[in-house]
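Worksheet for the structure shown next.
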Amino acid sequence: MHVAFLGKLMIELQVFSFHSDEIMHQDIIPLYAADIQDQLKKQFAYLSGGRGGDGCPVITFPDYPAFSEIPEKEFQNVLTYLTSIPSLRDAGIGFILVIDRRQDKWTSVKASILRIAASFPGNLQLVLVLRPTGFFHRALSDIAFKFNKDEFKMKVPIIMLGSVSELQGYIDKTQLTEDLGGTLDYCHNRWLSRRTAIEGFAQKVKQTAQILQSFGTELAETELPNDVQSTSSLLATHTEKKDKMKEDIRLAVEQGDDILGSITKPVTENPEYKLNQDQLDNQTTVERLLAQLHETEAAFDEFWIKHQQKLEQCLLLRNFEQNFREVKAALDIVSERLSAFTDVGNSCSHVEHILKDLANFEEKSCETIAKARMLASEGDAFIQSNHYAVDSIIPKCSELHHLCDAFAAETERRRNLLNKSLELHDLLEKSMKWCDEGIYLLASQPVDKCQSQDGAESALQEIEKFLDTGAGNKIKELNKIYREYAHILNEDLKEHVQKVFQKQESMEEMFQKRQISLKKLAAKQTRPVQPVAPRPEAFVKSPCTSPGLQREYVSNSESSALRRVNYRKGKSEMTELHQSRGGSTMDDEENLAVLRQHVINELIETERAYVEELLCVLEGYAAEMDNPLMAHLISPELQNKKDILFGNMEEIYHFHNRIFLRELENYVEYPELVGRCFLDQMEDFQIYEKYCQNKPRSESLWRQFSDSVFFQECQRKLDHKLSLDSYLLKPVQRITKYQLLLKEMLKYSKNCEGAEDLQEALTSILGILKAVNDSMHQIAITGYDGNLNELGKLLMQGSFNVWTDHKKGHSKVKDLARFKPMQRHLFLHEKAVLFCKKREENGEGYEKAPSYSYKHSLNMAAVGITENVKGDAKKFEIWYNAREEVYIIQAPTPEVKATWVNEIRKVLTSQLQACREASQHRTLEQTQSLPLPASSCTSPSRNNIRNTKKTEERKADLASLEGYSTTTIAPKYPEKGKGWAKTSHSLDASEENDGWSSAEDPLNSSDAEEEGGGGGAGSEMKLTPGKYTVVTDYEKGVSEEFTVKSGDLVQLIREGEDGLWYVKNLSTGREGWIPANNLLMLIGNSKSAQSLSSSESGTASSTLSTSSSCSDSCNASSTSFSDIKG
């Protein structure tokens, strides 16, 4: 097709070129006016356009004085050019030469004629010479011409004319110019300009023809590219060249029209004007060139249309091939992903999740399938339009149609499989639920009511009514299930079906046994008969709790909630039943086993749901933050904030998914032993502390970007009704849920083997919750310069009213502090207690968490406590440096106070134990006969020698006092504030009395007078005169003016009657009588018993403190705690 059009175009161009060359028909290289323009301007010869009688062209040689001086080359060029202008036909007839020499001499005339005759290149018809007009020269010319006629060797006659009138006898007046007496309109400059334009136009036309020929050859020989980019580039290049060609043709046509217009302008202006022959020839030439130009343009346009169509088809083909490769690759990917949907699920929720994934996948794949079908339609359109590459397009279209149809068919097949799987799992879960409800019905039937005939019949009716509900809820034929669902039954699912069926059979067998028993009771009622419930083994170890069913997912929240309601209802009914009938041990154990099984089922099912929710968040939100396709939806401020938003959720997920859930499933048949599972993994639960500490930062970040398009898009894809923040709260909710489930399990496992492990697990979980809660407060402390981790473990934290009473303070300040409490938040660590001021809560959610401004702290090594403060059961004292600083603490409740006092006692006891062990170790290293070194802070009698005997007696006394638990823990700190405080009760007592409170202790200070003294070993101790330090206040002396306060130094002077002792307060100088029993509570044991600065053991409500501290005694290698005697 291209070849045919190209041939036609070449013919047109050749004709075109021929006509352009015809204008200048020289045999040799043609001359152009532009080349000899200067020579033509001399006008020594010109072609006026006049014609002779027979149409011979007239060349005029006007009078030109310098004719003889014209160079021969120029002379020949002008004559050659002038003779080439007329048509070949006119030039063949011959030229008429008109030589005007009227103003010249004969000699010049002769020379001119000879020169013209010798150089004229064309044919001559006639030579007319206007001889000189002067008389002499005219006569001379006549005579000379006659005698020298033979010298003019011209083949044509030469006629000498004497005037223009004679000339007009040979040439018509209209064919002569005005200077020869004619009327022919001629302007040499105009003629020269026109000739230049016509020849330029002809040259332009010829060049255009050559360019078109070259461009057409290039187009015809161009090979089509194999890629889109090259084809598009080639089409653009060719189009650009074509446009340039069209522009050149347009300019050429415009140029020809201008020349034609200038030629015909006189006729246009004056219709009577007659063009001379040369003008007519010029007009014909220009018109012929224009016609040829238009014909050539039309031929080129036709050729270009075909070429452009082929290039455009090639470009479409290359685009089609490129899109085909891309769509084919995308179809391969979606087909591969579709082939991954092989899992048929292991529960209804799991199958629904897979179906949702399949639907989402199908929705995402719709775009790819739509592109493939659209591309196939494009290919079909190419085929219909007779594309030149039909043979290449047809196979590709067929393949696209096949792949799309195959994908749709495979998607439908897998959807049908999943729907069948959902149908099967729905049947299995209905059967499971029916079995659970049946077991609960058996466990919850009141046995005492079945003693009567009416009760037995009523129970039978309940059972029969329940069994009637099994028609649509149970598996009828196992083999039928195998046949109907053979194409989805894998090994795991088949095993699952078998176990559900076994559970169903076991439950129905239990019902049959119960029916037999109830029928007997209903038929014969001679005496009350208590029916025997099925043994626990009949359903505790039934298939529903076997490991094979560990794969279940939570079907729905309503059924789970219903089971929890049933647990409580069943428990309540069994409690009433037990109270009313005196209870059958076997039936009670059976019912408890059912409840335990329900608790473990709920624990495992909710654990599975929890793991699935974590995975959903990690895959649907966290992973999407790293997805490049979602990056445009994430604001720059949110980028790289994944660790803040999700904390260590991934670590929590891996722990539960890989470890804890699997371990829990191992206890499904032994729910009472599940406490061991918690204890084994208790250390791993510490990861929740890190998550909770990060939660305020996560909550703050979420509040900033909760409206982000990214989160909305993720929620839409996951089809979640709740936003992300609800799922970020799941770990916090889950860790608090465990203690509730453990409490439930412990209630139903009191007499079981694993009860102790359950109690320990519950305690540990509560400890973790407390640690998590405390750490959330601890991280909010501001203003503390040191490292909080160096203070040891955080034991307690809470808010209290605090009064201060410092010895060194100003009296007004002391009075003000006594009546106006401060609001302080206390943090009890192993090594210090911190006093902080709670700041106002701001923000929302976790941002409401308060902050705590650090005020001061007390080193636990120098702390003592007074457990009871008169007048308020919620108050206790923390004092420092021998009561130089006293802090009265008011707890919110007496229980909170008791907990804090108990925890402080534990800290002081542990310090005392450490000091005691160090002291005893040093005692063994001393020589028993050597006196012990005196304490640095003893009374004036500190130089008394401690011998080995006293040391042994003191040890015995100390051992005898370890059974006491006192209400006052009062370290006597050295006067210079050195040393460690010690507790007033033994380590053993502290550990055995975790639930201790001052209100419950019969030996507390407020009850001291009613009790009349201490009990136990303390009542056997004997007071002796000497000096002692008091560690608690006393205001009930015989003399109302005699009082002692904690820290005062008193001297026992003598013993009086009625059990009174005369005592002198060395601090105030006052004296008075104090009952001996009360005195024992004030100063502790007899002189052989040692009082401790942190009160190792004391009697009643008070404890003595020594004049030497534990730390000093340890540093001095002292092994005794001596009395201070007067």
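The values are calculated or read from the model by the stated rules, or taken from the named source; none is laboratory data. A quick note: this is a predicted structure, and the numbers were derived from the prediction, not measured. Methodologically, a virtual Cβ is constructed for each residue, glycine included, from the backbone with ideal geometry; neighbour enumeration extends over all protein chains shown. The protein model used for the area step is the full one, side chains on, heavy atoms only, and it has no ligands, DNA or RNA in it. Shrake-Rupley method; radii C 1.70, N 1.55, O 1.52, S 1.80 Å.
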Notebook entry, point to check: Under a plain spin-label model, where a point goes 7 Å from the Cα along Cα-to-Cβ, how far apart in nm are LYS747 and LYS42?
Noted result: 13.6
Check: Using 1/(1 + (r/R0)^6) with R0 = 45 angstrom and r between the beta carbons of GLN733 and ASN859, what's the FRET efficiency to the nearest 0.05?
Finding: 0.70
Note to self: On the principal axes of its Cα set, how long, how wide and how thick is the stretch 644-696? Give whole Å, largest value first.
What the structure shows: 40, 16, 13
Margin query: So, for the stretch 609-737, what is the accessible surface per residue at a probe of 1.4 Å, expressed in square angstrom?
Written below: 48
Margin query: Tell me whether the stretch 229-318 comes out rounded, prolate or oblate; compute the Cα gyration tensor, take square roots of the eigenvalues as a ≥ b ≥ c, and use a/c under 1.5 as the rounded threshold.
Written below: prolate
Checklist line | Computed FRET value (nearest 0.05) for SER392 with ILE779, which takes r as the C-beta separation and R₀ as 60 Å | finding: 0.30
Note to self: On a 22 Å Cα-Cα criterion, which of the cross-link pairs LYS820/LYS875; LYS730/LYS750; LYS837/LYS874 come out too long?
What the structure shows: LYS730/LYS750
Notebook entry, point to check: Given labels modelled 7 Å from the Cα in the Cβ direction, how far is it in nm from SER910 to CYS616?
Noted result: 4.3
Item checked: Label-point separation, TYR32 to LYS244 (7 Å along Cα→Cβ), nm -> 2.0
Next item on the list: State the extension gain, in nm to one decimal, for the chain segment bounded by LYS364 and ASN627, taking 0.36 nm per residue of separation less the distance between their alpha-carbons.
Entry: 93.1 nm
Note to self: Applying a 10 Å radius around every beta-carbon, put 754-766, 630-642 in order of their mean neighbour count, most first.
What the structure shows: 754-766, 630-642
Margin query: Using 0.36 nm times the number of residues separating ARG922 and ARG337, minus their current alpha carbon distance, what extension gain do you get?
Written below: 202.9 nm
Next item on the list: List, in the order given, every pair from LYS73/LYS105; LYS328/LYS371; LYS474/LYS494; LYS173/LYS265; LYS743/LYS770 whose Cα-Cα distance in the structure shown is over 19 Å.
Entry: LYS73/LYS105; LYS173/LYS265
